[in-house]
Amino acid sequence: MFPVRISVFFGVAFALAAGIAQAKFEGDVAAGKAKAGACAACHGVDGNGGADPSWPKLAGQIPEYLVKQLADFKSGKRTDPLMSGMAAPLSEKDMKDLAAYYAAQKIKPGAAANKELAEKGERIYRGGNAKTGVSACMSCHGPSGHGIPPRFPRVTGQTASYTEKQLLAFKSSKRSNDDEMMTRIAFRMSEAEIKAVSEYMAGLH
Ligand code: HEC
Ligand code: HEC
């Protein structure tokens with residue numbers, strides 16, 4: 001249990017420290033809605049995702065996290081053939097308005113399709129893997145996956161295929177805009193563990 005304890009402490013301490021310095025999030029929901037037209041084809045009008053399950057839901061996400069991702073796509077710290085070009089023309093104000101709009105939308109809960117796999121995933125989500133040094137996910141993303149503002153994103157209700165794609169990208173460092181928090185963890189996970197935890201998280205809420 002020792003590594004798990006450490007990471008619980010880490011997540012909470014980090015959230016507290018960030019909370020002290022955190023200003024109220026400023027973004028204009030109505031302006032964001034008007035700017036979100038270009039995003040609806042892939043993320044849905046209300047941010048609940050599009051036709052392809054590997055396109056993420058943005059509804060109910062922590063707004064600071066959304067702004068950070070848009071800024072990272074724009075600067076090239078995070079890359080994606082569909083998203084990089086969409087973020088390129090956005091100003092800082094656009095990013096804040098869009099983030100305020102999506103954060104204000106309700107996420108539609110998902111469900112795990114495979115119960116047995118989800119049970120394996122639940123053990124990792126709640127307890128990590130002490131043998132391989134994988135921290136418990138809930139220490140930073142919260143027991144029901146709603147995240148801890150401003151830095152730790154909500155991870156519930158996303159499709160298993162989006163979550164799995166991100167974890168594999170962190171594992172291979174293809175996605176490395178995380179200040180080494182996720183890349184270190186995912187590096188230690190097997191592909192089977194990634195599949196299981198992604199299945200569990202799809203139905204977590
Ligand atoms: C052509 C499809 C497409 C369009 C249009 C699009 N996106 Fe995306 N977006 C994606 C894909 C695909 C990803 C996931 C990339 C990955 O796998 O890393 C993504 C990821 C994101 C993320 C990161 C989500 C997370 O949980 O980390 C944000 C934020 C985002 N998009 C916002 C927007 C906004 C705002 C717009 C409109 C200005 C937009 N997107 C338009 C396809 C699109
Ligand atoms: C030490 C804190 C910490 C722990 C523990 C942690 N995460 Fe994360 N996670 C983060 C941070 C920070 C980010 C956001 C990175 C960024 O800014 O792009 C993140 C992002 C993610 C994302 C991407 C979300 C999105 O919308 O694209 C997924 C998926 C994720 N984590 C899953 C997990 C899983 C599964 C575990 C457990 C095996 C876990 N995390 C453990 C800190 C943590």
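The values are calculated or read from the model by the stated rules, or taken from the named source; none is laboratory data. Fair warning: this is a prediction, and the values are worked out from it, not measured in the lab. When we count neighbours, we look across all protein chains shown, and the Cβ atoms used for this are built from the backbone with ideal geometry, even at glycine. Note: areas computed on protein heavy atoms with side chains; ligands, DNA, RNA excluded. Shrake-Rupley method; radii C 1.70, N 1.55, O 1.52, S 1.80 Å.
Conditions (1) open to solvent by 70 Å² or more (accessible area, probe 1.4 Å); (2) touching a residue at least 60 places away in the same chain (Cβ under 8 Å); (3) not basic (Lys, Arg), marked per residue:
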{"site": "70", "(1), (2), (3)": "no, no, yes"}
{"site": "77", "(1), (2), (3)": "yes, yes, no"}
{"site": "81", "(1), (2), (3)": "yes, no, yes"}
{"site": "88", "(1), (2), (3)": "no, no, yes"}
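Quick grid of which residues meet (1) closer than 28 Å to residue 188 by Cβ; (2) in the same structural domain as residue 147 (by TED's automatic domain parsing); (3) among the hydroxyl-bearing types (Ser, Thr, Tyr):
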{"site": "84", "(1), (2), (3)": "no, no, yes"}
{"site": "87", "(1), (2), (3)": "no, no, no"}
{"site": "90", "(1), (2), (3)": "no, no, no"}
{"site": "94", "(1), (2), (3)": "no, no, no"}
{"site": "114", "(1), (2), (3)": "yes, yes, no"}
{"site": "120", "(1), (2), (3)": "yes, yes, no"}
{"site": "124", "(1), (2), (3)": "yes, yes, no"}
{"site": "129", "(1), (2), (3)": "yes, yes, no"}
{"site": "132", "(1), (2), (3)": "yes, yes, yes"}
Item to check | Residues satisfying the stated conditions in region 150-160, i.e. of a type in the set (A, V, I, L, M) and near ligand 1 (Cβ under 10 Å from one of its atoms) | outcome: 155
Checklist entry - From the set of residues in region 114-139 that are among the β-branched types (Val, Ile, Thr) and outside any helix (DSSP H, G or I), which is least open to solvent (accessible area, probe 1.4 Å)? => result 134
Item to check | Which numbered condition residue 103 misses (of (1) farther than 16 Å from residue 155 by Cβ; (2) among the hydrophobic types (A, V, I, L, M, F, W, C); (3) within 16 Å of ligand 2 (Cβ to nearest atom)) | outcome: (1)
Item to check | Where a residue in region 46-58 is more than 19 Å from residue 95 (Cβ to Cβ) and its partner, wherever it lies, is in a loop (DSSP other than H, G, I, E, B) and aromatic (Phe, Trp, Tyr), with Cβ under 9 Å and at least six apart | outcome: 49/55
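Of 109, 63, 149, 143, which residue is more than 10 Å from ligand 2 (Cβ to nearest atom), at pLDDT 95 or above and within 23 Å of residue 50 (Cα to Cα)?
Details: 109 fails: at pLDDT 95 or above; 149 fails: within 23 Å of residue 50 (Cα to Cα); 143 fails: within 23 Å of residue 50 (Cα to Cα).
Step by step, each of 109, 63, 149, 143 is checked, and only 63 is more than 10 Å from ligand 2 (Cβ to nearest atom), at pLDDT 95 or above and within 23 Å of residue 50 (Cα to Cα).
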Item to check | region 161-197 - residue that is away from ligand 1 (no atom under 13 Å from the Cβ) and in contact with an Asp or Glu (Cβ under 7 Å, 6 or more places away or on another chain) and, of those, most open to solvent (accessible area, probe 1.4 Å) | outcome: 195
Item to check | Matching residues, region 90-110, being out of contact with any Ser or Thr (no Cβ under 8 Å at 6 or more places or on another chain) and open to solvent by 80 Å² or more (accessible area, probe 1.4 Å) | outcome: 92, 93, 106, 108
